[in-house]
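This report refers to the structure that appears directly beneath it.
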Amino acid sequence: MKELSANELGKRVLQLIISLFILLCVTFVIGRVMPADPVGAVVGELADPAAYAAMRTRLGLDLPLYQQFFIYLASLLQGDFGTAILTGNPVSKDLAQAFPATFELATLAVIISTFIGVPLGLAAALFRDSWIDKTARVVALVGHSIPVFWFGIVGLVIFYAGLNWVGGPGRVDVYYEGIVTPRTGLMLVDSLLEGEPEIFWNALSHIILPAIILAYAAMAYITRMTRSFTLEQLNQDYVIAARAKGVGPANTVIGHVLPNIAVQLITVLAISYGNLLEGAVVTEIVFSWPGIGQYMTNALMIGDMNAILAATIIVGFIFMFLNFAADIAYALLDPRTREATQ
């Protein structure tokens, strides 16, 4: 493994900064041309024209669009996302409270999808055209085809309302809310740190169903890509040589193929994680999960542009950073990518 040169790292950092700036521009322009009325959301629909005009001036909406953008950009560089209409709090404070819930849900989902999707993809490739392969392909197809909200509703009806195997909407039952001090914001971690095993198991019962449902779509993608990568490697000379030496199929895949597709899998997992973070919106709505997705939806309902823009930028930045990190890891683990850019 070779280290990246300062020049190569600088190029990738510059690409990240440019991408982030484009995201800021596009998000800001879309936020300003949307039919929502941020002034009306603050003063109300029945406000007199003088109060409406005064609030419009206070929000800076009477300025040219480019001036509004540079003012907004200057505020962002100071960590100021504005004030949320819905809560009256600084948007940064609201996001700091909402993000851990989304992070916890998406992280558990990507762990589940990885530990199921990668072995399933390897097995499907190893036993190509067998019942295992056909089952894996059907599972992947269903995961891509059926919307998440349908799985969520059906899951709640069957496993919560019907069988009572899991907890309902929210992160914990109502009578457990406020007991655990939010040290990290992750309910599973905080409950253990507080020495509250009962709350931990209750939180686990609430998060397991939305995490599994959210993981299903990611698992379908990971399974399909792992199968494709593995099939490509199984036709390589080094695999044929290993089999000729008497190495079993399973040992060949685990000992030879898996290390060679690990670099590609890093990119797949990074993309999946980013998709889970930004795609948790529907899942959070169905399960009343108090994360960024639900916060964004509530903001959209009342036209709270500060909250909408901030949440969009944060999610977009996380997605870009994950891709950036995967790109760096790819370059470190596979020297061919660096040779191609030189």
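Give just the number: which of (1) closer than 21 Å to Leu234 by Cβ; (2) in contact with a helix residue (DSSP H, G or I) (Cβ under 8 Å, 6 or more places away or on another chain); (3) without any contact (Cβ under 8 Å) to a residue 40 or more places away in the chain; (4) not charged (D, E, K, R) does Ser130 not satisfy?
(2)
Pick from Ala218, Ala242, Ala250: which is touching a Phe, Trp or Tyr at 6+ places or on another chain (Cβ under 9 Å) and of a type in the set (A, V, I, L, M)?
Ala218
Read through the list (1) part of a loop (DSSP other than H, G, I, E, B); (2) open to solvent by less than 60 Å² (accessible area, probe 1.4 Å); (3) modelled with pLDDT of 90 or more, then give the number of the only condition that Val154 fails.
(1) is the only condition that Val154 fails.
Among the residues of the stretch 138-164, which ones are free of Cβ contacts under 8 Å to residues at least 40 places away in the same chain and not polar (S, T, N, Q)?
Val138, Ile146, Trp150, Val154, Val157, Ile158, Ala161, Gly162, Leu163
For the stretch 227-247, does any single residue satisfy the condition of being at pLDDT 85 or above and among the aliphatic types (A, V, I, L, M)?
yes
Any idea which residue in the stretch 276-293 is nearest to Leu186 (Cα to Cα), counting only those that are hydrophobic (A, V, I, L, M, F, W, C), out of contact with any Ser or Thr (no Cβ under 7 Å at 6 or more places or on another chain) and part of a helix (DSSP H, G or I)?
So, considering only residues that are hydrophobic (A, V, I, L, M, F, W, C), out of contact with any Ser or Thr (no Cβ under 7 Å at 6 or more places or on another chain) and part of a helix (DSSP H, G or I), the one nearest to Leu186 (Cα to Cα) is Leu276.
So which residues in the stretch 62-88 are loosely packed, with under 13 Cβ neighbours inside 10 Å and under 13 Å from Ala310 (Cβ atoms), if there are any at all?
Gly79
Name the residues in the stretch 82-119 that are at negative phi and not in a helix (DSSP H, G or I), would you?
The answer is Thr83, Ala84, Ile85, Leu86, Thr87, Asn89, Pro90.
If a residue counts only when it is among the hydroxyl-bearing types (Ser, Thr, Tyr) and buried (at least 18 other Cβ atoms within 10 Å of the Cβ), which helices (runs of 4 or more DSSP H) contained entirely in the stretch 161-252 have at least 1 such residues?
Per the criteria, 187-193, 197-234, 249-252.
Between a first residue in the stretch 297-317 that is touching a residue at least 12 places away in the same chain (Cβ under 8 Å) and outside any helix (DSSP H, G or I) and a second residue that is open to solvent by 10 Å² or more (accessible area, probe 1.4 Å) and of a type in the set (D, E, K, R), which pairs have beta carbons less than 7 Å apart while being 6 or more apart in sequence or on different chains?
These pairs meet every condition: Gly303/Asp37.
Filter the stretch 48-61 down to residues that are closer than 13 Å to Asp37 by Cα and more than 35 Å from the chain's Cα centre (by Cα) and give me whichever is least open to solvent (accessible area, probe 1.4 Å).
Step by step, filter the stretch 48-61, then rank; the result is Met55.
The values are calculated or read from the model by the stated rules, or taken from the named source; none is laboratory data. This structure is a prediction, so every number in the text was calculated from the model and none was measured. All Cβ positions, glycine included, derive from the backbone under ideal geometry; neighbour counts span all protein chains shown. Note: areas computed on protein heavy atoms with side chains; ligands, DNA, RNA excluded. Shrake-Rupley method; radii C 1.70, N 1.55, O 1.52, S 1.80 Å.
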